[in-house]
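Take a look at this one; I'll ask things after.
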């Protein structure tokens, strides 16, 4: 454990850097209290047990704790050393400080006390302004009022989408067989099928296969096997006839369901099985105990119909200090230059390669593995 005092902060702040094993029961209780008191931290990714599950699989997980006036003021779980990332990256869709809504703890100070030079993130939920970031709305919606009332509040474009979905469902039933949904499926073959579909999608689009590393798939397996009420993975499956057509493996704390690994059988593409499954989830939300459905950041395409909670996620980096910070600033400047100058597809390459390398570095700790993955990324640069 290391401790640092930052006396220049308005209120005296001290920091400790702990391993997951050093998180005591009082600290666990404080974490849970802060998460519950901060509406922005509703996602199950902020549950302490998620961090602890990742720490079982990686040896580089640290938890930075901030204290003000002797009281715990914030937690920040990270992985990595000089170039750090959110705990569980790139699997973790949302990340950030566990703190009260009115916290004035500076995330950059927290990073500096752990000797972190640069911190790269893709879904930061944070109340304080952070420079060098891009912001996206989150596609999450409150369904606690029930499916019927929720749908009644939707707009014309949503109703038109539903008409199309219903038409495609009738077509599927006429051409193949009954459409049905099974919830919280506990079946190894269905689980493996959902993962296979996701891997095939990565290959088809040229994106980096984040499930190709042992620890990432093991994390999903462990959370799927976990039956604790406050954190687990649940698998929901749509069948057309006797064939598995779509699957959604999501992370849940019992109240929020976060769609995580979503896929479908390409032969059923014309019937929109993924959308059919999502609507079935809404219909059964009360039975399943869900008050909120979360589809992640970004509200493009169909996701715009499911955006109702006013929270945004930030992507970018925080340059703290040292060589890692300098190098990160260079990459960030190159990416911003590419975005601002009309270079067509070439202008997007710095950002693509930075994001790709960030994923690779988070997944694969070996230099050889990273090199091979980046060569593949360069070959497939035009696909994504």
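The values are calculated or read from the model by the stated rules, or taken from the named source; none is laboratory data. For clarity, every value in this text was computed on a predicted model and none was experimentally measured. Please note: Cβ atoms are built from the backbone with ideal geometry, for glycine as well, and neighbour counts cover all protein chains shown.
With respect to residue 232, determine if the residue is in contact with a strand residue (DSSP E or B) (Cβ under 8 Å, 6 or more places away or on another chain) and either surrounded by fewer than 23 Cβ atoms within 10 Å (Cβ to Cβ) or at pLDDT 95 or above (or both).
Working: in contact with a strand residue (DSSP E or B) (Cβ under 8 Å, 6 or more places away or on another chain): yes; either surrounded by fewer than 23 Cβ atoms within 10 Å (Cβ to Cβ) or at pLDDT 95 or above (or both): yes.
In short, yes.
Residue by residue through region 268-295, note down the ones that are at positive phi and out of contact with any helix residue (DSSP H, G or I) (no Cβ under 8 Å at 6 or more places or on another chain). Before the answer, list the steps.
Filtering region 268-295 for residues at positive phi gives 272, 289.
Residue satisfying the conditions is 289 alone.
Right, another one. Scan region 199-220 residue by residue and report those that are touching a strand residue (DSSP E or B) at 6+ places or on another chain (Cβ under 9 Å), under 30 Å from residue 31 (Cα atoms) and surrounded by fewer than 20 Cβ atoms within 10 Å (Cβ to Cβ).
211
Output the qualifying pairs, or none if there are none: Cβ atoms under 8 angstrom, residues six or more apart or on different chains, first residue in region 149-176 and under 12 Å from residue 275 (Cβ atoms), second residue loosely packed, with under 15 Cβ neighbours inside 10 Å.
Here the result reads 168/270, each pair linking region 149-176 to a residue that is loosely packed, with under 15 Cβ neighbours inside 10 Å.
Is it the case, given these coordinates, that residue 67 is in contact (Cβ under 8 Å) with a residue 40 or more places away in the chain, more than 20 Å from residue 114 (Cβ to Cβ) and not assigned by TED's automatic domain parsing to the domain that holds residue 257? Walk me through it before giving the result.
Numbers: in contact (Cβ under 8 Å) with a residue 40 or more places away in the chain: yes; more than 20 Å from residue 114 (Cβ to Cβ): no; not assigned by TED's automatic domain parsing to the domain that holds residue 257: yes.
Here the answer is no, as residue 67 does not meet what is asked.
Consider residue 196 carefully, then state whether it is surrounded by fewer than 15 Cβ atoms within 10 Å (Cβ to Cβ) and in contact with a strand residue (DSSP E or B) (Cβ under 7 Å, 6 or more places away or on another chain).
no
Related question: Condition first: on the phi > 0 side of the Ramachandran plot and either buried (at least 20 other Cβ atoms within 10 Å of the Cβ) or at pLDDT 95 or above (or both). Now tell me which residues in region 78-121 satisfy that.
Just the residues of region 78-121 that are on the phi > 0 side of the Ramachandran plot, to begin with: 80, 88, 96, 115.
Scanning region 78-121 gives 80, 88, 96.
Please find, among 109, 93, the residue that is in a loop (DSSP other than H, G, I, E, B) and either touching a strand residue (DSSP E or B) at 6+ places or on another chain (Cβ under 8 Å) or free of Cβ contacts under 8 Å to residues at least 40 places away in the same chain (or both). Lay out the reasoning, then the answer.
Working: 109 fails: in a loop (DSSP other than H, G, I, E, B).
Step by step, each of 109, 93 is checked, and only 93 is in a loop (DSSP other than H, G, I, E, B) and either touching a strand residue (DSSP E or B) at 6+ places or on another chain (Cβ under 8 Å) or free of Cβ contacts under 8 Å to residues at least 40 places away in the same chain (or both).
Among the residues in region 120-131, are any out of contact with any strand residue (DSSP E or B) (no Cβ under 8 Å at 6 or more places or on another chain), part of a helix (DSSP H, G or I) and over 26 Å from residue 289 (Cβ atoms)?
No, the conditions are met nowhere in region 120-131.
So that you can scan it fast, the table gives a plain yes or no per residue for (1) within 17 Å of residue 267 (Cα to Cα); (2) more than 17 Å from the chain's Cα centre (by Cα); (3) outside the structural domain of residue 93 (by TED's automatic domain parsing):
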| site | (1), (2), (3) |
| --- | --- |
| 159 | no, yes, yes |
| 167 | no, yes, yes |
| 179 | yes, yes, yes |
| 204 | yes, yes, yes |
| 219 | no, no, yes |
